[in-house]
Amino acid sequence: LKFRLAGYPRKHNEGRVEVFYNDEWGTICDDDFTLANAHVLCRHLGFVAATGWAHSAKYGKGVGRIWLDNVNCAGGEKSIGDCKHRGWGNSDCSHEEDAGVICKDERIPGFKDSNVIEVRKLLARVGRRWRGVGALQAQRVSPRGRCKGHGQQAQPQAGWPSTPLLPSGHDGHGSGLPSPCRLFTERQQLNYRLHSVSCTGTEVHLSMCTFEFYRGNASAACGAGMPAVVSCLPGPLFATGNAHKKRQRQQQQSQPRIRLKGGAKVGEGRVEVLKSSEWGTICDDRWNLLSASVVCRELGFGSAKEALTGARMGQGTGPIHMNEVQCLGTEKSLWSCPFKNITQEDCKHTEDAAVRCNIPYMGYENLIRLSGGRSRFEGRVEVAVGAGDGDQPRWGLVCSEGWGTLEAMVACRQLGLGFANHGLQETWYWDASNVTEMVLSGVKCAGHEMSLSHCQHHGTSLSCRNTGTRFAAGVICSETASDLLLHAPLVQETAYIEDRPLHMLYCAAEENCLSSSARLANWPYGHRRLLRFSSQIHNNGRADFRPKAGRHSWVWHECH
């Protein structure tokens, strides 16, 4: 059995359920449908569970056969075929009764999807052993390029290229280049698990290359070689030298032709490209891991771990510049890949392509934590200081003077918790920790930093007027966020001048919609000359927009 979600309008994790049975796609009738049925179907589709279901062809009427009717699942079945039903193809329904499901937006680990690579599952067999092997020491080499370990110099394993010019790897670094720095392996008993690794260079993960396992006694293996080692060149975001960073920034500012927008974390977002001095998006037709990896490498990240479709990083605005991008994986830029120019009929912004890239493991999330919140997404911010050179870190609080949304954005990003809903300057209600000392003050972020330590701050010379724990900084984070955009062209197209009698403007005056000179007018006689226009505000984000004020504080206005 195969399953898919279809219909319109819908998000990627909801839709009309269609099942492929007996060489034909068909639908499921909503008679006796329950949430338990939806749970089973969502697991078929690779999601962990269902949050709801839809009846009466909410996502549009399907075509073809109605394969199942009166389905009754307990919820734990492995297949929808194991549930009670009237029999395949036996139905008294029409397509106006097609059932749909809304699945929780969380994938089952290891679920096979052509556009997702679940690294942990694919290499679980060998990953545990590699830590002591040195075969993937590049994942553990500091992005600063220091040589770690001691002992004799490593020699390439048999069959491993001596000076590999590899594309950027799944460990998240920019590219693999020969390094003047020598890497050494520790003197220890090495257990080899892989040999004869052969990559073309376009793979997005080492597990996708051809390789062989050592069987039996692995300690006697690899007689003709040594552990394979690589040295990686960090991308511009992860380079440590200020001059190098400055040069990279200047290069990016001079001619950035690609960017990621709408993602909460570093290395993820909607792909936008610059053409004819106008930023636009990419349609997701044929969007796959190879093309996504070209984007990631062009931006200085590693290969892609997910190629996202269906505007999962929010909808863009403006033109859609590219469609059916088909990269081989060797290209230096997305513009070098074959693609089609499109017309407005071909694609809509509901089909904007996005990526999640592999990035180097920097360990920033170990230097920050939240305490006292009702969930892991909120709390008082605590940071670790003095954690270098093997010392035990000292945890402390952040002074809330000047703490706002930009600083909260960086904190939530560093925590890996997504977007910032609020940056809080008073956190007396989260007083649950024994950490009471202020260790960071004067924090001022631009919003793009990966860690609070990258923002401006006072350093060791603390300056905080209110040092009590009540005034420690706090955050509320969210995995998704709304993104409101005014449709500016519509304002321009619809603007006009109108003379309107004053007796028709009482409500506008009460709501302060008229200029201050209106108070001096001879009410209700005379008129005002108004600039009139229509406006549309679109929510292009990934969450519903709700006012920050609760309903209890809304004001009912008599004009409405």
Practice task
Check Arg86 against each of (1) touching a residue at least 24 places away in the same chain (Cβ under 8 Å); (2) more than 29 Å from Met313 (Cα to Cα); (3) open to solvent by 50 Å² or more (accessible area, probe 1.4 Å) and name the one condition it does not meet.
Solution key: (1)
Completion exercise
Counting only strands (runs of 3 or more DSSP E) entirely within the range 393-482, those with at least 2 residues that are under 25 Å from the mean Cα position of the chain (by Cα) and small (Gly, Ala, Ser) are 419-424, 474-478
Handout entry: Cβ-Cβ under 6 Å pairs, at least 6 apart or on other chains, the range 403-428 side within 20 Å of Gly442 (Cβ to Cβ), far side aromatic (Phe, Trp, Tyr)
Key = Gln414/Tyr364; Gly423/Trp403; Gln425/Trp403
Handout entry: Tally of residues being surrounded by fewer than 10 Cβ atoms within 10 Å (Cβ to Cβ) and either among the hydrophobic types (A, V, I, L, M, F, W, C) or assigned to a helix (DSSP H, G or I) (or both) across the range 490-536
Key = 7
Handout entry: Residue satisfying condition, being under 30 Å from Phe419 (Cβ atoms) and not assigned by the TED database to the domain that holds Leu406, within set Leu490, Leu502
Key = Leu490
Problem - Candidates Ala543, Ala518 - the one that is touching a residue at least 12 places away in the same chain (Cβ under 8 Å) and farther than 30 Å from Gly263 by Cβ - result: Ala518
Problem - Residue under evaluation Val555, criteria (1) farther than 30 Å from Arg413 by Cβ; (2) touching a residue at least 40 places away in the same chain (Cβ under 8 Å), criterion not met - result: (2)
Practice task
Hand me the list of strands (runs of 3 or more DSSP E) wholly inside the range 1-105 holding 3 or more residues that are of a type in the set (A, V, I, L, M, F, W, C) and more than 32 Å from the chain's Cα centre (by Cα).
Solution key: 65-68
Exercise for the section: Output the number of residues of the range 21-59 satisfying the condition of being within 19 Å of Lys11 (Cα to Cα), surrounded by 16 or more Cβ atoms within 10 Å (Cβ to Cβ) and among the small types (Gly, Ala, Ser). Expected result: 5
Handout entry: When residues of the range 204-225 are limited to those that are open to solvent by 40 Å² or more (accessible area, probe 1.4 Å) and part of a loop (DSSP other than H, G, I, E, B), the one modelled with the lowest pLDDT
Key = Asn217
Practice task
Return only the number of the condition from (1) at pLDDT below 90; (2) within 17 Å of Val266 (Cα to Cα) that Gly386 does not satisfy.
Solution key: (2)
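The values are calculated or read from the model by the stated rules, or taken from the named source; none is laboratory data. These numbers were taken from a predicted model, which means no experiment stands behind them. Here the Cβ is made from the backbone with ideal geometry for all residues, glycine too, and neighbour counts use every protein chain on show. Please note that ligands, DNA and RNA were not included when accessible areas were found on the heavy atoms of the full protein model with its side chains. Shrake-Rupley method; radii C 1.70, N 1.55, O 1.52, S 1.80 Å.
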